[in-house]
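Contents: one structure, followed by commentary.
The values are calculated or read from the model by the stated rules, or taken from the named source; none is laboratory data. Quick caveat: nothing in here was measured; it's all calculated off a predicted structure. A quick note on method: Cβ atoms are made from the backbone with ideal geometry, for glycine too, and the neighbour counts reach across all protein chains shown. Ligands, DNA and RNA are stripped out before the accessible areas are found, and what is left, the full protein with its side chains, is counted by its heavy atoms. Shrake-Rupley method; radii C 1.70, N 1.55, O 1.52, S 1.80 Å.
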Amino acid sequence: MKRKILIVEDQTDLRKLVRMTLEFGDVEIHEAENGAEGLRLAGELRPDLVLLDVMMPGALDGYQVCQRIKADPRLKGVKVVLLTARGQQTDLEHGQKVGSDAYLVKPFSPLELIDKVEELITASA
Amino acid sequence: MPNQTTAAGAQPPKVAVTTQSLSSEHLQSVLDSIRDVIYSVTPDGEQILYVSPSAAKVYEMNLDEFTGSPKVWFNRIHEEDRERVRLSLQALFAEGQCESTYRIELPSGGMRWLRDRMQIVRDAQGEPLRIDGIASDITEQVLADMAREMAEGTVRLKDRALESTQNGVVVTDMANPFQPIIYVNPGFERITGWQAADVYGMNCGFLQGDDRDQEAIGQLREAVREGRECQVIVRNYRKDGSMFWNELSISPVRDADGRVTHYVGVQNDITERIRQEEELQDRTERLDAIFSLSPDGFVSFDREGRVAYINPAFTRMTGLTPQAVVGRRERLFDELLRDRCDPKLPYFELGCFETQKDGDANDDDTACNGKTDTLHLLRPERRVLTRSVRRGEGGSKVLYIRDVTRETEVDRMKSEFLSTAAHELRTPMASVFGFSELLLKRDYDEKTRRDLLSTIHRQAGTLIHLLNELLDLARIEARQGKDFKIAVQPLRPVIEGTVAALLVPNDPRKVTLDLPETLPHCAVDAEKLQQALTNLLSNAYKYSPGGGEIRLDTLTSTDGRQFGIRVTDHGIGMTPEQLARCFERFYRADASGNIPGTGLGLVLVKEIVEIFGGRITIASNFGEGSSAVIWLNVAEASAEAA
């Protein structure tokens, strides 16, 4: 069965980067441009993993989306990796508080992203 | 008693009589009328042979009692005087006579002073026959003497007091029309430098020198004229000519008829006190000026912990007026202040500052005295204040308050700016780093390779642009336009030059330039104005990806003093929310990254135009396009036809 990964990121180039990095093998990749759309798609698709940008325009930022996914019983077991340009200690702590499984600070290495994603998906399998 | 033969009444009395002719009866009558006590006792004192009737009065007892108990008279002598009387009795036997003064105690509880003169009467063989004596009651005389001595003693004391007092004392004779000085004490000599001998006979006025035009002198004259007491502070002059402040009290001395015979003046040299008072007043005035001008707030508390003073800055910050707080107790003051603070944040009462001081003995003084905390006021408006307490030695306390609202806001903005700037740099960096790593690690076909490389290149370009604009912004903010080359110059070359130099790749549109015949002169830095116009024009291109006219025209304000350069597009426009935020740093109406930009372009335009003394306005309709106007002040008399 194909793994489903949802990318929620407002920057077109970064969505492309993540897609190109992960798009090989048995993976199905979906994209959302903002928090609200990301949350909706997460509910519809029930992905194995969500890559979530923290700072996004609109009513919902990445932290809020993460919190809602983690609080939704139907989305139990969905892994969340936060992508952020803010790498300060308080930001990392905030990420843990909302229940994220991992944290990647921009700019990140695509290989590192692959490792992180495989690690999380394997663990859940 | 010898001769008793001449009986009274036998013959009519003669004018001149001798003792021999005095009858026993007559003698008795004389003895009866004498107030002194005349007596005769046996040499051993055991038996009283005779005592005159006056003894009854003097001793306040019946004559029988004297004969009944022979030692009674001795027992009545005051205990302290008995030894003395015994000694004089010894002298009596040695010398034949003696005199002794002693007190006797009376049954009524009183006391009398007696002077007792005794002599021994001897027989032919020289043996003591009896003792005769006269005891006189000298009580009144003794009391009078004592009173006089006491009075004399008091006068001596007064003299000594006058001599030793630090005050100057001067007495003038008011019976003499010249009112001369008749006495001065050493204090006067010390204060004025004049010797008593120099000033006797002079009128006190000489102490005023030529400085006669003093209100106090008038008061003195009036008091003397009315014979009143008076106290004034008057400028007097010493012998060496130096001035001193004399706190002078004068009071009249009257004779039995109530006429003023003398005036007594008491001087007190208060020059030093006045100097200190003046110094204190100067200091108070200086401090008042400092406190009332200070932008920082001060509140001082007295020893009882009541508000003694608040300065205007404190009132400005907190809205608490002197009427509302001066005289209030510290606790109430705390309540008033707390009431203005954000209730969600803790408020430490002023007392806490002291508890901490007492509680921690190791804490050094500056640390606890200078302890500062922060208050977040909501009323009368949002403010951030820092507060510290200094305690005076005498238990007074000063609260020092600084308004750090602006600093706090600037700090917050700086830190937000840095954090946002870092974020903005990291985002293009993520593409550059990520795509280049993919290219290095994986094999892609030529088409994909080119695509990724162009993305990397484009994002690197964004980074460069961002860095440039950040630097521009930092420079403009730091220098506040000091490096601007502002000169009054014609606008036409600047505008036309900008449009000509504009490079927009992959867009065939040309700017529609609509300039009037005449353009005014304005005080601008041509290069910076060009940068601002370029930013507006490139925004117009970027945000109208679907095409449409890009137009540059001009406006003049109704009063003719401001000139506007307007750039209009027919692009995607902005919602009112986007419009409201478009001057925020890094704010992008397009967040997707599809339209390149840094979010700093309009910020830079605004900074530049404001340094010119102008302003920027933007109007926009979502989906229809935007229009931005740079308004500049027209230089005086600058109609230009070019």
Quiz prompt | Å² per residue, accessible surface of the protein assembly as shown at 1.4 Å | solution = 56
Quiz item: Long-range amide H contacts for residue B:122: which residues qualify at under 5 Å (H placed 1.01 Å from N, peptide plane, sequence gap of 5 or more or a different chain)?
Solution: B:129
Quiz item: For the stretch B:514-553, what class follows from the C-alpha gyration tensor (a ≥ b ≥ c being the square roots of its eigenvalues): rounded when a/c is under 1.5, otherwise prolate if a/b is larger than b/c, else oblate?
Solution: oblate
Quiz item: Under 18 Å Cα-Cα from residue B:344, which aspartates and glutamates qualify once same-chain neighbours fewer than 8 residues away are excluded?
Solution: B:334, B:335, B:373, B:381
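Could you give the Stokes-Einstein D for the stretch B:189-314 in µm² per second, using the C-alpha Kirkwood radius, 37 °C, 0.692 mPa s?
181
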Exercise. Mind checking which of B:439, B:538, B:313 is farthest towards the positive end of the protein assembly as shown's charge dipole, using Cβ charges of +1 (Lys, Arg) and -1 (Asp, Glu) about the Cα centre?
Key: B:439
Quiz prompt | Percent RCO, i.e. relative contact order, over the stretch A:55-125, from Cα pairs under 8 Å lying at least 6 residues apart | solution = 31
Quiz item: Label-point separation (nm) for residue B:139 and residue B:464, each offset 7 Å from Cα along Cα-to-Cβ?
Solution: 13.4
Exercise. Specify which residue in the list A:1, B:197, A:69 is farthest towards the positive end of the charge dipole of the protein assembly as shown, using unit charges on the beta carbon of Lys, Arg (+1) and Asp, Glu (-1), about the Cα centre.
Key: A:1
Exercise. Give the relative contact order (percent, whole number) for chain A; include only Cα pairs under 8 Å separated by 6+ residues.
Key: 23
Quiz item: Where the accessible area of the protein assembly as shown is counted over protein heavy atoms with a 1.4 Å probe, how much of it, in %, is carbon and sulfur?
Solution: 52
Quiz item: Stokes-Einstein D for the stretch B:122-244 at 20 °C, 1.002 mPa s, Kirkwood Rh over Cα pairs, in µm²/s?
Solution: 113
Quiz prompt | Ranked by how many other beta carbons lie within 10 Å on average, peptides B:403-409, A:12-18, B:569-575 from highest | solution = A:12-18, B:569-575, B:403-409
Quiz prompt | Per residue, the convex hull volume that the Cα atoms of chain A enclose (Å³) | solution = 96
Quiz item: Which FRET efficiency, nearest 0.05, do residue B:339 and residue B:308 yield, Cβ-Cβ r, R0 22 Å?
Solution: 0.55
Exercise. Can you tell me the dipole magnitude for chain B around its Cα centre, using point charges on the Cβ only (Lys, Arg +1; Asp, Glu -1), in Debye to the nearest 20?
Key: 2380
Quiz item: Cross-link partners among lysines for residue A:16, C-alpha distance below 28 Å, same-chain residues fewer than 8 apart left out?
Solution: A:2, A:4, A:70, A:76, A:79, A:106, A:116, B:441, B:447, B:542
Exercise. Search the structure for amide H atoms under 5 Å from the amide H of residue A:104, placed 1.01 Å from N in the peptide plane, and list their residues when 5 or more places away or on another chain.
Key: A:82, A:83, A:84
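For the protein assembly as shown, what is the convex hull volume of the alpha-carbon atoms per residue, in Å³?
420
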Practice problem: For chain B, calculate the relative contact order in percent as a whole number, restricting contacts to Cα pairs under 8 Å that are 6 or more residues apart. | Solution: 6
Practice problem: Pop out the ³J(HN,Hα) list for the stretch B:130-139 in order, Karplus 6.51 cos²θ - 1.76 cosθ + 1.60 with θ = phi - 60°, rounded to Hz; leave Gly and Pro as x. | Solution: 6, 10, 9, x, 10, 10, 9, 7, 10, 3
Exercise. Please name the residues of the stretch B:381-430 whose accessible area, counted over protein heavy atoms with a 1.4 angstrom probe, falls by no less than 40 Å² between the chain alone and the full protein assembly.
Key: B:419, B:423, B:426, B:427, B:430
Quiz item: Among B:503, B:181, B:41, whose Cα sits farthest toward the positive end of the charge dipole of chain B (+1 at Cβ of Lys/Arg, -1 at Cβ of Asp/Glu, about the Cα centre)?
Solution: B:503
Exercise. Provide the per-residue ³J(HN,Hα) series for the stretch B:30-41, in order, calculated from phi with Karplus coefficients 6.51, -1.76, 1.60 and θ = phi - 60°, each as a whole number of Hz, with x at glycine and proline positions.
Key: 4, 4, 4, 7, 7, 7, 6, 8, 10, 8, 9, 10
Practice problem: Would you grab the residues whose amide H sits under 5 Å from the one on residue B:625? Only those 5+ places off in sequence or on another chain, please, with H modelled 1.01 Å from N. | Solution: B:571, B:573, B:574
Quiz prompt | At least 20 Å² of accessible area lost relative to the chain alone, listed for the stretch A:12-48 with a 1.4 Å probe | solution = A:12, A:13, A:14, A:16, A:17, A:20
Practice problem: Using only the alpha carbons, work out the radius of gyration and Dmax of the stretch B:516-633 in angstrom. | Solution: 14.1, 43
Exercise. Could you tell me whether the stretch B:411-473 comes out rounded, prolate or oblate from its Cα gyration tensor? Rule is a ≥ b ≥ c as square roots of the eigenvalues, rounded for a/c under 1.5, then prolate if a/b exceeds b/c, otherwise oblate.
Key: prolate
Exercise. Only Lys, Arg, Asp and Glu count, each charged at its Cβ (+1, +1, -1, -1), so figure out the dipole size of the stretch B:481-633 about its Cα centre, rounded to 20 debye.
Key: 240
Practice problem: Return the aspartates and glutamates within reach of residue A:97: Cα separation strictly under 15 angstrom, same-chain partners fewer than 8 residues apart disregarded; answer none if there are no such residues. | Solution: A:61
Quiz item: Is it possible to state the helix-based mean residue ellipticity at 222 nm for chain B, with each DSSP H run of 4+ residues giving -39500 (n - 2.57), the sum divided by total residues, to the nearest 500 deg cm²/dmol? What is it?
Solution: -13000 deg cm²/dmol
Quiz item: Chains B and A: how much accessible area gets covered up at their contact, both sides added, probe 1.4 Å, in Å² to the nearest hundred?
Solution: 2100
Quiz item: Dipole magnitude of the protein assembly as shown about its Cα centre, charges +1 at Lys/Arg Cβ and -1 at Asp/Glu Cβ only, in debye to the nearest 20?
Solution: 2360
Quiz item: At q = 0.09, 0.11 Å⁻¹, what log₁₀ I(q)/I(0) does a Debye calculation on the Cα points of chain B give, no solvent, two decimals?
Solution: -1.00, -1.15
